[in-house]
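**Student:** Dropping the structure in here first, questions after.
Readers should treat all values here as calculations from the given coordinates under stated rules, not as data from a laboratory. Being a predicted model, the structure only gives us computed values, none of them experimental. FYI the Cβ positions are ideal-geometry reconstructions off the backbone, even for glycines, and counts take in every protein chain you see.
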Amino acid sequence: QVQLVESGGGLVQAGGSLRLSCVASKSIFSFDAMGWYRQAPGKQRELVAAITSGGSTNYAASVKGRFTISRDNAKNTVYLQMNSLKPEDTAVYYCAAQRVGIDYWGQGTQVTVSS
């Protein structure tokens, strides 16, 4: 059983920064890809950023240049550094991992950006 535990969410003013962390219960080498999704009230869950086992990254257009996904293999942790936050970034952020076509999800962490 794979467990993903997110942390680092909170309340921040517009223009501020937060760093989210996702710790996996297994080596992240075992995952084909890991990523961060978010879901705002009344909206569908959307991909924010992803990183493959080979280190390739991709970002949603709305966060490109502001957010950075990275990983620390030794700590089985994936990070999402979020800079220049905007009120529209407010959402629950979920960590996800994929292995052999199976998706695993964390429970989410709330990010609220005040104007």
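**Student:** Give the distance, in whole Å, between the Cα centre of the stretch 74-115 and the Cα centre of the stretch 1-62.
**Tutor:** First find each Cα centre; the distance between them is then 3 Å.
**Student:** I've got another one for you. May I ask you to list the lysines whose Cα is less than 16 Å away from that of K75, ignoring any residue fewer than eight positions away on the same chain?
**Tutor:** Result set, ordered by chain and number: K26.
**Student:** Only loop residues by DSSP count here, and only those with at most 11 other Cβ atoms within 10 Å; note down the trypsin sites (Lys or Arg not before Pro) in the stretch 32-69 that meet that.
**Tutor:** On the way: sites: R38, K43, R45, K64, R66; in loops: K43, R45, K64, R66.
Qualifying residues, ordered by number: K43, K64.
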